[in-house]
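One structure is given here, and the rest of the page talks about it.
The values are calculated or read from the model by the stated rules, or taken from the named source; none is laboratory data. Not measured: the values here are computed from a predicted model. Here the Cβ is made from the backbone with ideal geometry for all residues, glycine too, and neighbour counts use every protein chain on show.
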Amino acid sequence: MTAPGVVLCTVLLAETISAPATTTRKHMTDIVEERAAVLAQQPMRPASPRPGFARGTATSLRDVLAHRELLGLLVRRELKARYKDSALGFVWSLVRPLVLLLIYYVALGQFLGAARQIDSFAIFIYSGLTAWTLWSEIVSVGTSSIVANAGLIKKVYLPREVFPLSVVGSALFGFCMQLIILVGATLVARQFPVGTRWGWFFLSLAVLLVWGLALALVLSATNVYLRDIQYLVEVCMQVFFWLSPIVYSWKLVHGVIQGTVWETIYLLNPMTLVTLGFQRAFWVAGDGTAYPPDLESNLWLALGVGVLALWLCQRVFARLQANFAQEL
Amino acid sequence: MARIPVVQVDDVSKRFVIRKEKSLKERLVNFGRSNLHKEDFWALRNVDLEIESGTTVGLVGPNGSGKSTLLKTIGGIVQPTSGEVRLRGRLAALLELGAGFHPDLTGRENVYLNAAILGLSKEQTDRHFDAIVDFSGIERFIDTQVKFYSSGMYVRLAFAVAIHVDPDVLLVDEVLAVGDEPFQRKCLERIRTFQHEGRTIVLVTHGLDQVAEFCDRAVVLEAGTVAADGPPLESLRVLRADFEATRREERERQMQADESRPRAQIVGVALRTSGGAVGRPVLRAEEDLTVAVEIESPTTLRDWSLGIGIATPMGTVLYQTNTELLGTPMGPLDGTGRFEFTLPDLRLGSGDYTVVAGITGVDGSEVHHVPEAAHFAVEADGSSLGPLRTSARFAPVG
């Protein structure tokens, strides 16, 4: 009987010090009853999302939407933390693609002579590079996003989709900076893209984001179970960089594998389409060169299939995330 | 008023698969035979639990009994293998303070981030911001990056954020033992306020005194199942008995390993008051209590001491003494020995008490220990609460 006695004593003490006991007590019971009444009206809900395959989509979407403010904060955390304490800060996020541009411009353009066949070679490369930088950041940083946030995932329940999504957000920020440089360069070269060109840009960007997010979701989830994935992704990114017409023109590929099944396969890669779409948008000097036929309809198709893939990947993610906390 | 269930744990089991291989190579090599390389571990097994609104429940149990897993299942962090957890109301989990803190961000930025992680909107955080900083007591450093914080400052800020989230159900895992003493007291006070506001608290802790002090109900988990569920007093008794059994087992194993260890045992403890009551006596004011202890030793017991103590039913030891402290060296004992301690005029408050007895070797090693050797009750005049009694006087001054 000692313990309840002790509690009672402390309660009495606390109440007599703060306010006259009777009013405080009445006030307290009011709060308690109010809370209980509010709670009684709420239905019981499952503690964690059930992995129903089709039904869960709406729940997942609602969950992520409810956490959009947190998503914004996570993006800002990424960005702020990345260049904190560095004197140049965000400038560094531009240096890397610019150095790459310089390397390719000198090595491929001048030494190997690619620039002789391609007008405005720098703008050509930089439109592809801008798209690729965004893509590779979404996919490779996205892949490790769940493992990198293990501390949070093991301790707090959040819709885990926010972590790959926040990677997309922070990658988009760097992308915007690069886009400003790209548009600036077109202005300097007096080849500013106008009119329907921006349609190519937005369509390609949509394809890139949908596929990028889909891959980031499914890879980040599988990476939890098999850490080899992140190294595999690194290697694949290298391969696919050269499998997209970023630093060489599609014309050259077309010349080699024209009409074969290899060309069809080459054009199935969404990033090939996206790169070509970006070039169509920003590489004004290249209007005369050949593009694959039906590029626009293929982009729309890629977008459609991409949305389906995104949905499938999200469902796989939802299924796999059930055991994240114990596997990390 | 009817109590409303806020957490329903319905036949929940959780299986962990312990895999011995992790890499792709090993999995490919062992493909098909992978069941040989797996081991099932049931962290929870058929746990049923219903928690009503406004109660404070302590989850206790030995290490690895599934307490934290159960808490994480309630928090939705771990999904049960079978069964279902359902809840209502807003839930906040304090599983690790500052889990969402980023070392490179300032305290201010981290407050917003952590509040968002715990489910607060920006406006709500704005509204509580001053209160949070005030509670944490680190105004001066709020715009410093948290990597320069001391661990105490870190925890203060994290706790301050956590308690300003307005949860209906609060899950707390072993985080109360942080910060310096004044801050700890502040935290405990806040938890009491939460209780008075009708919030539901589920607490995982090894601090059994804390459970006794705070909880209306204690659930003892043992190897993934509920071993006891009820008022803290009864549940803790089950848990302590279990701890004692584990300890005895360990001691017996040690004894078997080491033949030279003394094997003396306390075979009986009897109580007698100076008023003549025996058995489970009731001790009245100004009476003495005599504790008689009988020891049996199959081998010759050398260099030893005999000790007794008085504890509350919660296990808090109030008084302890032994022959060494009393300045009585014990000679060699062979066979049976009887000894008596007399405790004159025990000034204890009303309530039940237990007597603890033990034989200790000269090197401090435990030979035999009986945690609940005997029981007695105290009847006092009802002028005070708590285990200590004195004749208080009261008079207005001035």
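Things to note:
- Number of residues in region B:346-393 that are of a type in the set (A, V, I, L, M, F, W, C), surrounded by fewer than 19 Cβ atoms within 10 Å (Cβ to Cβ) and not in a loop (DSSP other than H, G, I, E, B) equals 2.
- Given (1) within 22 Å of the chain's Cα centre (by Cα); (2) buried (at least 17 other Cβ atoms within 10 Å of the Cβ), index of the condition A:ALA114 fails: (1)
- Filtered residues of region B:188-204 (kept if out of contact with any Lys or Arg (no Cβ under 8 Å at 6 or more places or on another chain), within 8 Å of chain A (Cβ to nearest Cβ) and either in contact (Cβ under 8 Å) with a residue 60 or more places away in the chain or part of a loop (DSSP other than H, G, I, E, B) (or both)): none
- Among the residues examined, A:ILE180 qualifies as at pLDDT 90 or above and either buried (at least 21 other Cβ atoms within 10 Å of the Cβ) or not in a loop (DSSP other than H, G, I, E, B) (or both).
- Residue match in region A:92-113 (condition: at positive phi, more than 8 Å from chain B (Cβ to nearest Cβ) and touching a residue at least 40 places away in the same chain (Cβ under 8 Å)): no
- Residue check for A:SER86: within 14 Å of chain B (Cβ to nearest Cβ), out of contact with any strand residue (DSSP E or B) (no Cβ under 8 Å at 6 or more places or on another chain), small (Gly, Ala, Ser) and assigned to a loop (DSSP other than H, G, I, E, B): yes
- Residue selection: B:GLU174 fails the criterion of being surrounded by fewer than 16 Cβ atoms within 10 Å (Cβ to Cβ) and not hydrophobic (A, V, I, L, M, F, W, C).
- Checking every residue in region A:235-258 against the condition of being among the basic types (Lys, Arg) and out of contact with any Ser or Thr (no Cβ under 8 Å at 6 or more places or on another chain) gives zero matches.
- Verdict on B:LEU326 being away from every other protein chain (no Cβ under 14 Å), at pLDDT 85 or above, crowded, with 17+ Cβ neighbours inside 10 Å and touching a strand residue (DSSP E or B) at 6+ places or on another chain (Cβ under 9 Å): no
- Conditions (1) closer than 30 Å to A:LYS154 by Cβ; (2) of a type in the set (S, T, N, Q); (3) without any contact (Cβ under 8 Å) to a residue 60 or more places away in the chain: number failed by A:GLN230: (3)
- Selection status of A:VAL188, free of Cβ contacts under 8 Å to residues at least 60 places away in the same chain, under 15 Å from the mean Cα position of the chain (by Cα) and either away from every other protein chain (no Cβ under 14 Å) or more than 28 Å from A:SER297 (Cα to Cα) (or both): no
- Residue match in region B:289-296 (condition: closer than 17 Å to B:LEU388 by Cβ and not assigned by TED's automatic domain parsing to the domain that holds B:PRO232): yes
- For A:PHE175, the criteria (1) at pLDDT 90 or above; (2) over 25 Å from A:CYS236 (Cβ atoms); (3) within 17 Å of the chain's Cα centre (by Cα); (4) not aliphatic (A, V, I, L, M) hold in every case but one, which is (2).
- Every condition in (1) among the basic types (Lys, Arg); (2) in a helix (DSSP H, G or I); (3) farther than 23 Å from B:THR354 by Cα is met by B:ARG263 except one, and the failing one is (2).
- B:VAL282 being crowded, with 17+ Cβ neighbours inside 10 Å and either more than 14 Å from chain A (Cβ to nearest Cβ) or touching a strand residue (DSSP E or B) at 6+ places or on another chain (Cβ under 6 Å) (or both): no
- Pairs are defined by a Cβ separation below 6 Å, a sequence spacing of at least 6 or placement on different chains, a first member in region B:74-96 that is modelled with pLDDT under 80, and a second member that is among the small types (Gly, Ala, Ser) and part of a loop (DSSP other than H, G, I, E, B); the pairs so defined are B:ALA93/B:GLY75.
Matching residues to (1) outside the structural domain of B:ALA277 (by TED's automatic domain parsing); (2) of a type outside the set (A, V, I, L, M, F, W, C); (3) in contact with a Phe, Trp or Tyr (Cβ under 8 Å, 6 or more places away or on another chain):
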| site | (1), (2), (3) |
| --- | --- |
| B:ARG302 | no, yes, no |
| B:GLN320 | no, yes, no |
| B:GLY327 | no, yes, no |
| B:MET330 | no, no, yes |
| B:ARG347 | no, yes, no |
| B:THR360 | no, yes, yes |
| B:ASP363 | no, yes, no |
| B:LEU385 | yes, no, no |
| B:THR390 | yes, yes, no |
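- The set of residues in region B:88-125 being of a type in the set (S, T, N, Q) and facing chain A (nearest Cβ under 8 Å) consists of B:SER121 alone.
- Selection within region B:97-122 - at pLDDT 80 or above, under 19 Å from B:ASP143 (Cα atoms) and assigned to a loop (DSSP other than H, G, I, E, B): B:PHE101, B:HIS102, B:PRO103, B:ASP104, B:LEU105
- Which numbered condition B:ARG261 fails, given (1) at pLDDT 75 or above; (2) closer than 17 Å to B:GLU296 by Cβ: (1)
- Here B:ALA212 fulfils each of the conditions (1) surrounded by fewer than 22 Cβ atoms within 10 Å (Cβ to Cβ); (2) under 11 Å from the mean Cα position of the chain (by Cα) apart from (1).
- In region A:140-162, of all residues being part of a helix (DSSP H, G or I) and either of a type in the set (Ser, Thr, Tyr) or away from chain B (no Cβ under 12 Å) (or both), the one that is farthest from A:HIS67 (Cα to Cα) corresponds to A:SER140.
- Subset of region B:39-87 [assigned to a strand (DSSP E or B), closer than 18 Å to B:ASP173 by Cβ and either within 10 Å of chain A (Cβ to nearest Cβ) or among the β-branched types (Val, Ile, Thr) (or both)]: B:ALA43, B:VAL47, B:ILE51, B:THR56, B:VAL57, B:VAL60, B:VAL85, B:LEU87
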